[in-house]
Structure formats: structure tokens, C-alpha cells
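The structure appears right after this line, and notes come after that.
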Amino acid sequence: MTPKVAQFLAESRPATPCLVLDIDRVEDNFRAIHQALPLARIYYAVKANPAAPILERLVSLGSSFDAASFEEVRMCLDAGAAPLEISFGNTIKKISAIQGAYAAGVTMFAFDSQEELEKLAKHAPGSRVYCRLLVENKGADWPLSRKFGTTVQSARDLMIRAAELGLDPYGLSFHVGSQQMDTAAYEVAIGQVGMLFTDLRDAGVNIRMVNLGGGFPVRYREEVPTVDKFANAIMHAMTEHFGNDLPEILIEPGRSMVGNAGVVHAEVVLVSRRIPGDPTRWVYLDIGRFGGLAETEGESIKYRIETQHDGDATGPVCIAGPTCDGADIMYERSNYQLPLSLEMGETVNLMSTGAYVTTYASQRFNGFAPLAEHYI
Ligand SMILES: *Cc1c(COP(=O)(O)O)cnc(C)c1O
């Protein structure tokens with residue numbers, strides 16, 4: 001955790017559960033990504049954490065934004081983003097959302113089907129559109145693949161059709177899956193995009209942009225490759241497939257922009273040994289699957305947990321949330337160990353929880369308030 005977060009926790013002793021997020025760390029992340037990929041324009045994936053202080057800081061740094069809904073478009077505009085710096089990147093958009101964004105001056109939209117393309121032609125005429133390709137999500141701890149994207153062949157047809165419908169056939173996109181650990185995922189996807197790009201150019205389509213999506217990982221329990229490592233692999237693949245004639249490059253980091261800037265501060269509600277003879281203790285926190293830790297589903301994202309007793313002898317634990325729902329278990333099979341000296345009433349910190357937590361918190365399920373947030 002950053003010194004600022006540590007100091008805030010020590011001095012303010014905020015009520016739990018809460019997220020404490022250091023905005024300066026977001027700025028550091030933005031600068032690091034920009035430095036690693038200077039040729040890429042950064043579109044922050046707002047859904048990772050849409051808090052106004054984050055958006056405002058990113059606006060001041062010259063970031064662009066990837067919005068998933070009209071509400072997110074609104075949040076970006078309210079934070080001071082120019083409409084031309086906002087991409088409506090969800091391939092599934094309500095007509096009213098397309099109309100609202102277009103009326104607000106947004107002119108860049110994603111699609112992955114003929115049906116959505118026709119909606120865009122009708123309700124956002126003349127806009128820059130880009131087609132999302134279905135790519136392999138192997139290597140990602142939080143894959144997205146099955147729900148989005150189309151085949152290379154269909155993308156080709158749709159991009160030609162886009163021009164016929166009076167839209168601007170701007171580019172192609174993909175997403176290699178979130179918390180992607182393997183740089184090869186980008187290399188393979190860039191290869192696919194490169195071939196289609198050339199093919200479309202030859203067919204007379206004025207295509208000029210490649211959107212590499214998000215996916216860069218955050219360090220949770222395990223080490224992850226650095227941003228530089230991904231950047232090197234990406235630029236190597238871009239040069240290999242595009243030569244000196246590089247297209248405009250976009251990236252949409254979400255998790256890697258805000259994840260390591262935040263800490264969830266939580267209370268241990270109970271440490272119990274319900275099953276006599278079982279060495280595994282059950283540790284119940286005042287935050288769980290419904291309080292914002294939705295990415296623990298399938299134990300996909302494994303947050304690192306710090307206690308006041310780190311360094312003491314540990315024993316196996318199952319870790320669960322406070323609600324009366326049987327699904328409200330975070331970790332049962334991932335070999336979590338916590339200090340034997342950990343007691344109820346103490347606080348713990350879930351590290352690198354700045355992304356995909358606050359907005360996943362339910363509205364008063366079991367009466368619990370949504371997660372409190374402190375941006376410092
Ligand atoms: C969620 C999402 C992102 C952000 O992905 P991360 O893995 O958090 O970096 C980027 N682009 C699109 C289209 C998304 O849906």
C-alpha cells in the first residue's frame with residue numbers, strides 16, 4: 001500500500017468496510033503506461049472504477065476514456081473530458097444510449113454484429129466505428145471472450161458494410177481477457193488484426209486504427225509481468241505485422257490503471273472452528289462477494305490479505321463474507337493461510353483492490369450499505 005493510504009488508515013481510522021485509494025498512484029500508473037507505450041493513446045476503461053476524482057485526475061493528464069454505457073459517458077463529460085476523447089466501447093448499447101452519447105458529441109463506437117452496426121448507422125450517422133474481433137483469452141484470470149467479438153471473415157464484411165452505411169470504418173479492436181498473464185496473447189491477436197487490416201486496405205476501406213483493449217495484470221498474490229514487458233511484446237508484434245506504416249494505436253487499461261492504487265480495509269467479524277477436528281478455520285469479514293468482491297467468483301482473482309500479525313505462524317483458512325447467502329464465500333480451495341493469532345474485531349487489508357470492487361457492491365443486500373470510498 002502507498003504511504004498515503006497507510007497514513008490515512010492510521011490517522012483517520014475509517015469505518016469498515018471501505019476502499020481507500022491514492023489518486024497519485026493512478027497518476028503514476030498513467031505515466032508508466034504512457035512511457036512504456038508512447039505511441040498508444042490511452043483510453044481508461046471507466047468501468048474499472050468510475051470515481052470522479054480518478055476521472056478528473058486522468059482528464060488533467062490528457063487521458064481519453066472508454067465508456068460502457070451512457071451513464072459512464074456522462075461521468076466522463078462531468079469530469080471535464082471532451083466528447084471526442086470518449087469511445088463508447090461496449091458492443092451492446094441501448095438505442096437511447098447511442099442517441100444520448102451522439103447528442104453529447106461522442107462520435108466513436110464499437111460494434112461486433114450487423115445488428116449493432118445498423119443501430120449505429122441510424123442513430124449515430126457518420127460516426128467512427130470499430131469492429132471487435134473474437135480472440136483467444138487463454139492466460140487470463142478473468143476472461144471475457146465468449147460474450148464479445150466476431151470472426152475475422154465477418155469483421156471484414158462488416159467493415160465494408162460500415163462504409164456503405166455512411167459510417168467511418170475507423171478500426172479494429174480486441175480484448176485478450178482481463179488479468180492477462182501472457183504477453184503472447186497480444187502477439188497472436190495483433191497478428192490476426194494485422195492480416196485483416198491489410199486485407200481491408202486492399203479492399204479500399206479507409207481503416208486506420210487498432211485498439212488493443214485492456215488486460216494488463218495487477219500483482220495480487222503472485223508476481224506478474226511488468227507493463228514494459230507487455231509493451232515490448234506489443235510493439236514488436238506491431239512492427240512485425242505493420243512495418244513502418246503503423247496505424248493509430250489505442251489501449252484501454254482498466255485494472256492496471258487503478259488496481260494497485262486502492263486497499264479495502266475490512267473487519268474480521270468472526271474466526272470460527274465450526275467443524276471439530278478440522279484444522280481449517282473459517283474467517284468471516286465484513287465484506288464479501290456481495291460487498292464488492294465479485295471477482296472472487298470461481299476464486300478467479302486472489303487478493304492478497306495483510307493482517308496485524310503478518311510474520312506469526314499461520315494455518316489454513318476459508319474466507320467468507322458476512323451475508324446469509326451460501327454463495328458468499330471468497331476462498332475455499334485456493335490454499336489461503338492466515339496467522340493463527342488473528343482474532344475477531346481486528347482489521348485486515350485486502351491489497352490492490354482499486355479496480356472492479358466499488359461498483360460491484362450490491363445495494364443493501366442483507367441490509368449492508370454499499371462499500372464506502374475514500375479518495376485521497
Ligand atoms: C473491461 C474492458 C477493458 C478494461 O480491461 P482491463 O482488463 O481492466 O484492463 C478495456 N476495454 C474493454 C472493451 C473492456 O470491456
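Please treat every number below as a calculation from the coordinates, not as lab data. As the structure is a computational prediction, the values presented were derived from the model and not from experiment. Cβ: placed from backbone, ideal geometry, glycine included. Neighbour counts: every protein chain shown.
Values computed for the structure shown
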{"read-out": "Global form of segment 23-257, assessed from the alpha-carbon gyration tensor, a/c cut-off 1.5", "value": "oblate"}
{"read-out": "Under the Karplus curve 6.51 cos²θ - 1.76 cosθ + 1.60, θ = phi - 60°, whole-Hz ³J(HN,Hα) for segment 217-224, x wherever Gly or Pro sits", "value": "x, 10, 6, 9, 6, 10, 4, 10"}
{"read-out": "Long-range HN-HN contacts of Tyr44 with modeled amide H, under 5 Å", "value": "Ser64, Phe65, Asp66"}
{"read-out": "Shape call, segment 260-375: gyration tensor on alpha carbons, a/c limit 1.5", "value": "prolate"}
{"read-out": "Relative packing of peptides 133-142, 95-104 - highest average C-beta neighbours within 10 Å first", "value": "133-142, 95-104"}
{"read-out": "Crossing angle, helix 52-61 versus the chain [Cα axis fit, 0-90 degrees, rounded to tens]", "value": "50"}
{"read-out": "Using θ = phi - 60° and Karplus 6.51 cos²θ - 1.76 cosθ + 1.60, couplings along segment 199-205 (whole Hz; Gly, Pro as x)", "value": "4, 5, 4, 4, 7, x, 7"}
{"read-out": "DSSP beta bridge pairing in the chain, given as percent antiparallel to the nearest 5", "value": "40"}
{"read-out": "Global form of segment 151-286, assessed from the alpha-carbon gyration tensor, a/c cut-off 1.5", "value": "prolate"}
{"read-out": "Using alpha-carbon coordinates, inclination of helix 227-242 to the longest axis of the chain, degrees", "value": "20"}
{"read-out": "Euclidean distance between Cα centres, segment 28-74 to segment 258-285, Å", "value": "33"}
{"read-out": "Lys, Arg +1 and Asp, Glu -1 on Cβ, resulting dipole of the chain about Cα centre, debye, nearest 20", "value": "480"}
{"read-out": "Hits among aspartates and glutamates - C-alpha to C-alpha of Lys302 under 17 Å, sequence gap 8 or more where chains match", "value": "Asp141, Glu222, Glu223, Asp328, Glu332"}
